[in-house]
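Here the structure is laid out as structure tokens; the discussion comes afterwards.
The values are calculated or read from the model by the stated rules, or taken from the named source; none is laboratory data. Predicted, not measured: the structure shown is a model, and the values here were computed from it. Cβ placement follows ideal geometry from the backbone for every residue including glycine, while neighbour counts extend to all protein chains displayed.
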């Protein structure tokens, strides 16, 4: 059984239960980790509390130097971490190479941004006074990370939290804890003990204990809407600060003027990367009615060329889904759609091989009454729906309780402007779907969550604001008590 990472070092704990980590491509057991609970959470939080005063007082340039060292160590271990990430999560090696690059670069980005400012001066109401605004850390931040991008979505929380002077306790997904533990050992060991801690376990035990802990004022979570709502109900009585990224049902609109081959390839990438297991995966597609048949045909031909396989194999385009229940949910959505009249153009049946594979699946004749067009799918399914005019396309794109991201493939600047102004989504991609920018805030509208990651906004999420009013002279004021007597 692997150790946790507490107080700056691998720490063995004794738990009654362990968690087996499975390779989703082979269904083989890779390792076991402890199923931690309140006792392990208490231990990790105590370490983070002890480390906090020193870390918050560490000058920003020195914090920046250490965060750059974290990034450098991640890069030195890139091959090892990418391979381990592929084994436990399933994405093909090229996708995990990209995840590792983004992870290291995120620490570099926030290393510099964290020493950019501490607050701002504001004009005083009197010449003998000084007014300023401070941005200060909260203390211990709980970072509850999902399985689909274990390192990247960890970095989006941990890097700005640390840059702001907070300490953290990470709870990785019980499905993918191995790379996080190894990254802690090789990279977070560059930080003072207790600054970063990793506790493994299930959400109902370790995750909930973190959320409830009285010495954890901030909870940053990426995951399902239902879990986010549960976290909110637990945190609200304690007035905790929450950052919740809760997924989506992202649309893509194919414009009337875009080159078809470009649109087909962009859509396939946006819908099928990581086997569709991305919070911003394209899960609803709207195509002009007059080009619908040819577009559906070309898309189907293209996705049939993509190769399923173990992510460690160089020929693999699409890896496995993470576990059987996730594949079964995708199958249920597709089956319901077909039963309600959808037409299956490709895929739709699991291959006869080990691993949790599901082929790229293209559906037409869908409508918004179907689960596949309403509920998050989180799998390699592309449902296509025809639209008449662009106004209808925008209305269809907005017809969802979610608002995480939205994509448009279009050359007409007038339609582009209408789209990004009228579509209700936290990120809008034009002709380049699912590309992030370290300086660009990421987060959703509507039921897709609270707060932002990345950019200056991502740093500010982990800083609370204090206004300081300083009267330098400190003389009595004529408006003090007692009234009507001209003061003392």
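Some points to look at:
- Among residues of region 279-298, those that are touching a strand residue (DSSP E or B) at 6+ places or on another chain (Cβ under 6 Å) and more than 10 Å from residue 384 (Cα to Cα), counted: 3
- Single residue of region 206-216 satisfying the filter (surrounded by 19 or more Cβ atoms within 10 Å (Cβ to Cβ) and out of contact with any strand residue (DSSP E or B) (no Cβ under 6 Å at 6 or more places or on another chain)) that is nearest to residue 277 (Cα to Cα): 208
- Applying the criterion of being assigned to a loop (DSSP other than H, G, I, E, B) and touching a strand residue (DSSP E or B) at 6+ places or on another chain (Cβ under 8 Å) to the residues of region 133-163, the residue that is surrounded by the fewest Cβ atoms within 10 Å (Cβ to Cβ) is 139.
- Matching residues in region 405-442 - criterion: being crowded, with 18+ Cβ neighbours inside 10 Å, in contact with a strand residue (DSSP E or B) (Cβ under 6 Å, 6 or more places away or on another chain) and part of a loop (DSSP other than H, G, I, E, B): 423, 425, 426, 433
- Top-ranked residue in region 38-96 [being over 21 Å from residue 139 (Cα atoms) and part of a loop (DSSP other than H, G, I, E, B); ranked as farthest from the chain's Cα centre (by Cα)]: 77
- Candidates in region 164-190 are the residues that are in a helix (DSSP H, G or I) and in contact with a strand residue (DSSP E or B) (Cβ under 8 Å, 6 or more places away or on another chain); of these, the one that is farthest from residue 134 (Cα to Cα) is 178.
- Qualifying residue in region 457-477 (condition: in contact (Cβ under 8 Å) with a residue 12 or more places away in the chain, within 17 Å of residue 102 (Cα to Cα) and either outside any loop (DSSP other than H, G, I, E, B) or not assigned by TED's automatic domain parsing to the domain that holds residue 117 (or both)): yes
- Helices (runs of 4 or more DSSP H) within region 222-307 that include 3 or more residues more than 30 Å from residue 210 (Cα to Cα), modelled with pLDDT of 95 or more and more than 16 Å from the chain's Cα centre (by Cα): 260-272, 292-303
- Within region 287-296, one or more residues are more than 24 Å from residue 148 (Cβ to Cβ), outside the structural domain of residue 464 (by TED's automatic domain parsing), buried (at least 24 other Cβ atoms within 10 Å of the Cβ) and in contact with a helix residue (DSSP H, G or I) (Cβ under 8 Å, 6 or more places away or on another chain).
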